[in-house]
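The values are calculated or read from the model by the stated rules, or taken from the named source; none is laboratory data. What you are looking at is a predicted structure, and each value in this text was computed from that prediction instead of being measured. Cβ sites come from the backbone with ideal geometry, for glycine too, and all protein chains shown count toward neighbours. Side chains included, ligands, DNA and RNA excluded: accessible areas come from the protein's heavy atoms. Shrake-Rupley method; radii C 1.70, N 1.55, O 1.52, S 1.80 Å.
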Amino acid sequence: MKLKAIITSLLETDMYKFSMGQAIFHQFPSYMTNWDFKCRNKDVFFTKEMVEEIQEQIKAYCSLHFTEDELDYLKGIEWIKRNYVDFLRLWHPRYEEFSIKHTEDGCGLSIETSGTWTNTSFYEIPTLAIVNEVYFRMTHDYDTLFKSFCEKADKKVVALVDGTFKLGAFSEFGLRRRLSGEAQELVIKKIVQAEKESGFKDSTFVGTSNVYLAKKLGIKPVGTMAHEYVQCVGQGNRKHNPAYSNWYMLESWINEYGVLNGIALTDTIGTDAFCKDFRKTYATLFSGVRHDSGDPYKWGEKMIAHYESLGIDPKSKTLLFSDSLDFEKASALYEYFKDKAKVAFGIGTFIANDTCVPALNIVMKVTECNYGPVAKLSDVEGKNMCKDPAYIDYLKRAIQWRLDHAEM
């Protein structure tokens, strides 16, 4: 089964790949990274034919270059600098940095990438989008899935219009696990059109993380940073104490962006460790913080208390929730926090891949930086990822010692 090209533009990635990418290009151009694919679903298996199709799709992706029209769009974004755009004019993906294999164990699919961080960071999102779409097109009747997707999308839009769900500000974050490119574009169009024609009650659609669709549809591209940035900046330099990963991340981000800092991600090595470093200067300069693991209510209260301890009004800051949300969960969080802080949501799979069959839970994470392990230790164990148990033990002990003994 031969499919059409799934990724047709290098803009078809999440916005935070450009915000991180610019900082990587300017500050860490020599950093080397390895990435690994993981499917968390226990009942999913990729056949040899599917893996071969994924290989061909990745080859097609690696043939792409940025067009001048795309580069002009990026130049129009306030914080993107001209020399980074000039770098992107020369940049393109390299298939030689991918290892894509069919295996008889696990989910049947092994994907690894290795190379400079400036390159490999860009590979994550298109790879996941390709894997996801290949899987659903080759294992199910796609027309049936797409029909159910459209029916569910229509119900979601009606619920926004009639006020069944009140979300405050929300964005679409579904590129990496979308059903397909046409499905993601269709649902965003439905949301934008309904808001324009009928309006939403207590909900505002802010934009999408998909830069290609943001450009095409004339909406805002959204996104600041991912766990990879904290991992590589904080742990990739072996001279750093990894318990201070967030401090190194925050410092480098402000060096790059000054007062245009966006939303800080809190849970790469646990939110308690993040709060140690999220002191008044950083908390003032960043517009808010993002939740991606653990109990969202406990996290929200913790961050509100932290802002208050710094003398900062939490109502001036944004709590952005992005962990496995649907409209019901988001609406409940909005009602709970709306009078305590600004509230926003990044909603992915529920918008971009809600069909009559379960969605995939796939990730691609950086596991090594500068030839040594790095780890993500979220606020829940199930989202941790590292190939070296000894390094996880070391990192946990370093963090715990700092929390127990260090003033700073």
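Sorting the segments 38-51, 325-338 by their residues' average number of neighbouring beta-carbon atoms within 10 angstrom, most packed first, yields 325-338, 38-51. Within the accessible area of the chain, what % is carbon and sulfur when the probe is 1.4 Å and the other protein chains stay in place? Carbon and sulfur together cover 51 percent of it.
The residues of the chain present an accessible area of 41 Å² per residue when probed at 1.4 Å with all protein chains retained. Here is the P(r) of segment 84-134: all C-alpha pair distances, binned every 10 Å from 0, give 21, 48, 24, 6, 1 in whole percents. Distant-in-sequence amide contacts of Lys201, defined by a placed amide H-H separation under 5 Å and a gap of 5 or more residues or a different chain, comprise Gly163. Applying Stokes-Einstein at 20 °C and 1.002 mPa s to the Kirkwood radius of segment 235-363, computed over alpha-carbon pairs, gives a translational diffusion coefficient of 136 µm² s⁻¹. For segment 119-266, the ratio of Cα radius of gyration to the globular rule of thumb 2.2 N^0.38 Å stands at 1.28. Residues whose amide H lies under 5 Å from that of Phe345, counting only those 5 or more places away or on a different chain, are Ala169, Phe170, Ser171, Phe321; hydrogens are built 1.01 Å from N in the peptide plane. When shorter helices are ignored and each DSSP H run of at least 4 residues is given -39500 (n - 2.57), the per-residue value for the chain at 222 nm works out to -14000 deg cm²/dmol. Ordering Ser180, Met364, Met32 by Cα displacement along the dipole of the chain toward the positive end leaves Met32 in first place; charges were set at the Cβ atoms of Lys, Arg (+1) and Asp, Glu (-1).
Phi angles across segment 223-234 convert, under the Karplus curve 6.51 cos²θ - 1.76 cosθ + 1.60 with θ = phi - 60°, into 3J(HN,Hα) values of x, 10, 8, 10, 4, 3, 5, 5, 4, 6, 5, x Hz, Gly and Pro given as x. All other residues whose Cβ lies under 14 angstrom from that of Phe345 are scored, Lys and Arg at +1 and Asp and Glu at -1, for a net of -1. Here the contact order of segment 24-92, divided by its residue count and restricted to Cα pairs under 8 Å and six or more residues apart, works out to 31 percent.
Consider a paramagnetic label point 7 Å from the Cα of Glu68 along Cα→Cβ; state which residues of segment 10-30 have an amide N under 20 Å from it. Once the point is set 7 Å along Cα→Cβ of Glu68, 10-11 turn out to lie under 20 Å by backbone N, inside segment 10-30.
Near Lys387: Cβ cut-off under 12 Å, other residues only, Lys/Arg at +1 and Asp/Glu at -1. The net charge is -1.
Reported value for segment 207-252: 77 Å³ per residue, from the convex hull of its C-alpha atoms.
Maximal additional length on extending the Val380-Asp43 stretch stands at 119.1 nm, based on 0.36 nm per residue less the C-alpha distance.
Near the amide H of Leu325, within less than 5 Å, lie the amide hydrogens of Gly348, all on another chain or at least 5 residues away, with H placed in the peptide plane. Over all orientations, segment 271-340 has a Cα convex hull whose mean projected area works out to 4.4 square nanometres. Ranked by the mean number of other Cβ atoms within 10 Å per residue, highest first, peptides 220-226, 235-241 order as 220-226, 235-241. Within segment 110-156, the proportion of Cα pairs with more than 17 Å between them is 53 percent. The fraction of Cα-Cα pairs per 20 angstrom bin, counted from 0 for the chain, comes to 27, 61, 12, 0 percent, rounded to whole percents.
Ordering of 227-233, 206-212 by packing is 227-233, 206-212, highest average first (other Cβ atoms within 10 Å, averaged per residue).
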